[in-house]
Amino acid sequence: MSNGSKQPVILLENVEKVYKTKAGPLRVLKGVNLEINEGEFVAVVGPSGSGKSTLINMITGIDRPTSGEVHVAGQRLTNMGENAIAKWRGANVGVVFQFFQLLPTLTVLENVMMPMHYVGSYKGQRRERAMELLELVDLPDVANKYPSQISGGQQQRAAIARALANNPKVLVGDEPTGNLDMVSAGIMFALFEDLVSQGTTIVMVTHDRDLAGQIPRVEEVRDGQIVPHEEVDERLVARSVE
């Protein structure tokens, strides 16, 4: 829902996604409508197979709707070509994966610099920008190490730094705490809260209902549809204002 003067940074209108399978058409998203404003922190929850990963792929432009409209960060994604959408994603959307997906042959610093090389940003300042981001996630001491030489929690923080390389308007987390211990997950969550306070829009898929309950807005996906808020598990309602 629209929120005062804030502008929607993510808008999905009547989005349908149908995959062709040997058993026939598989309707994964069923007329999804979703509006997320700039600077919101949103959890996306739901059982496996509910369509939440497909929904996230619509927001990042990794997948396209069969019908309906997708607008993210001021761009209509629906009819963009593959190369154009990849460039757009690199400049506007940061993605943090459950399994980190750092390149093992690059140092942590080089991993963080990689998105800047891809879109041609921060020319002449990429190393400095990457070090600033590693400072942000408290990892400057591992800049010259390889992913295999640091812990899982450190790898995830490095992945967040990489996702922030081009100062994206939207940060998407796909189960980003799924492989982290409680302490590392807490550090990552606190970092996300700081980013939201600075105006970043964050959409995070999670199976962790305790974590989702700490996020100001929760959207539940069930059988390819957004569940009306009055039907969302009461444990996942927005936090009370203190």
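The values are calculated or read from the model by the stated rules, or taken from the named source; none is laboratory data. Predicted model only: the values in this text are computed from it and were never measured. For neighbour counting, all protein chains shown are included, and Cβ atoms are generated from backbone atoms with ideal geometry for every residue, glycine included.
Descriptive notes on the structure:
- Yes/no for residue 29 being buried (at least 16 other Cβ atoms within 10 Å of the Cβ), over 30 Å from residue 136 (Cβ atoms) and among the aliphatic types (A, V, I, L, M): yes
- Of the criteria (1) at negative phi; (2) surrounded by fewer than 20 Cβ atoms within 10 Å (Cβ to Cβ); (3) touching a Gly at 6+ places or on another chain (Cβ under 8 Å), which one residue 70 fails: (2)
- Checking each residue in the stretch 71-112 for being within 17 Å of residue 161 (Cβ to Cβ) and among the acidic types (Asp, Glu) picks out only 110.
- Search result, residues across the stretch 115-132 that are modelled with pLDDT of 95 or more and among the hydrophobic types (A, V, I, L, M, F, W, C): 116, 130, 131
- Residue satisfying condition, being closer than 19 Å to residue 170 by Cα and out of contact with any strand residue (DSSP E or B) (no Cβ under 7 Å at 6 or more places or on another chain), within set 75, 98: 75
- Options 102, 55: the member that is within 28 Å of residue 214 (Cβ to Cβ) and more than 14 Å from the chain's Cα centre (by Cα): 102
- If you filter the stretch 192-207 down to residues that are surrounded by fewer than 17 Cβ atoms within 10 Å (Cβ to Cβ) and in contact (Cβ under 8 Å) with a residue 12 or more places away in the chain, you find that the one that is nearest to residue 152 (Cα to Cα) is 207.
- Residue 40 crowded, with 20+ Cβ neighbours inside 10 Å and at pLDDT 95 or above: yes
- Residues being part of a helix (DSSP H, G or I), over 22 Å from the mean Cα position of the chain (by Cα) and β-branched (Val, Ile, Thr) - total across the stretch 105-140: 0
- Checked against (1) modelled with pLDDT of 95 or more; (2) surrounded by 14 or more Cβ atoms within 10 Å (Cβ to Cβ); (3) of a type outside the set (Ser, Thr, Tyr), residue 136 meets all criteria but (1).
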